[in-house]
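Participant: Let me begin by handing over the structure; questions about it come next.
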Amino acid sequence: MQSDLEKENAAQAAVELVVPGMIIGLGTGSTAACAVHAIGRRVKEGLCVQAVPTSAQTAALAEQYGIPLLSIGAAGTIDLTIDGADEFTESLHLVKGGGGALLKEKIVAVKSRRVVIITDASKRVAALGKFWVPVEVVPDAAAYVMRQLAVPGALRQKDGQPFVTEQGNHIIDADFGLIQDAPELDRWLNNIVGVVEHGLFVGIASSVIMGEGSGVRIFES
Ligand code: 5RP
């Protein structure tokens, strides 16, 4: 598939930024997994790095390659984080959390000197919002938060039950329509009691490497 090639090319370009001794943040999702595979191959060839995974799924993949892992809490400043996104704009605003790992992804990202987002070309949008914004909530506050959001939304489900994040929370996927002012929505969501975190990443990404056809295109702040 074209998108698979684009993900692979974006991941390869990002992994070229990895140098020995770095602490690397490893994102979650199919595109981030391409980067974990590529870093893993280099580790098997002798590259010395440490990595901070953003999910149990990513940790398990990294362990298959013997990539030395640090927990988020144990890691100080992370040199470089490579992660995917569900949508991005040329202003480097993102929607993330399709895989449910948004809380750890955001913590790892803000602890990072440099955050490189890797995507295929389908993730580029003029305005965020077609992909519903994941809002991670304390389970007991889910109904309250849903009322405060006052937009169409759904409690994310898995196997007929509410999806539970690695931190034991639930996720509301919220339809804000096309988002005209992502920084304002970011601030507003941060002020709702019961919201643990949300999938709008504003002012966090350093660059986006987007696979396009057989090459890559780089968007920088
Ligand atoms: C997980 C994420 C992912 O980065 C996002 O969902 C993109 O995933 P994929 O690369 O599989 O399209 O935010 O929480």
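The values are calculated or read from the model by the stated rules, or taken from the named source; none is laboratory data. These numbers were taken from a predicted model, which means no experiment stands behind them. Neighbour counts are summed over all protein chains in view; Cβ atoms, including those assigned to glycine, are modelled from backbone coordinates with ideal geometry. Heads up: the accessible areas ignore ligands, DNA and RNA and are worked out on the full protein's heavy atoms, side chains in. Shrake-Rupley method; radii C 1.70, N 1.55, O 1.52, S 1.80 Å.
Participant: Condition first: assigned to a loop (DSSP other than H, G, I, E, B), open to solvent by 40 Å² or more (accessible area, probe 1.4 Å), over 27 Å from A182 (Cβ atoms) and more than 15 Å from the ligand (Cβ to nearest atom). Can you find one or more residues in region 98-114 that meet it?
Facilitator: No, that holds for no residue.
Participant: Next question. I need a count of the residues in region 13-43 that are outside any loop (DSSP other than H, G, I, E, B) and either over 18 Å from the mean Cα position of the chain (by Cα) or hydrophobic (A, V, I, L, M, F, W, C) (or both).
Facilitator: 17
Participant: A further question follows. Do you know which residues across region 74-90 are open to solvent by 10 Å² or more (accessible area, probe 1.4 Å) and more than 16 Å from the ligand (Cβ to nearest atom)?
Facilitator: Selection gives A74, G76, T77, D79, E90.
Participant: Quick one: which residue in V196, V216 is closer than 20 Å to G98 by Cβ, in contact (Cβ under 8 Å) with a residue 40 or more places away in the chain and not in a loop (DSSP other than H, G, I, E, B)?
Facilitator: Every option except V196 fails the conditions.
Participant: State the number of residues belonging to region 115-152 that are away from the ligand (no atom under 15 Å from the Cβ) and at negative phi.
Facilitator: 17
Participant: Sort out which residues of region 59-73 are open to solvent by 10 Å² or more (accessible area, probe 1.4 Å) and not in a loop (DSSP other than H, G, I, E, B), and write them in order of number.
Facilitator: A59, A60, L61, E63, Q64, L69
Participant: Within the set of pairs 6 or more residues apart or between chains, which connect a residue that is on the phi > 0 side of the Ramachandran plot inside region 79-94 to a residue that is modelled with pLDDT of 95 or more and surrounded by 24 or more Cβ atoms within 10 Å (Cβ to Cβ) with Cβ atoms less than 8 Å apart?
Facilitator: Short answer, once both residue conditions are applied: L92/I117; L92/A205; L92/V208.
Participant: Restricting attention to region 10-30, which residues are open to solvent by 10 Å² or more (accessible area, probe 1.4 Å) and under 20 Å from K104 (Cα atoms)?
Facilitator: M22, I23, T28, G29, S30
Participant: Those residues that are more than 16 Å from the ligand (Cβ to nearest atom), small (G, A, S) and open to solvent by 20 Å² or more (accessible area, probe 1.4 Å), I need them from region 31-47; list them, please.
Facilitator: Within region 31-47, just G46 meets the criteria.
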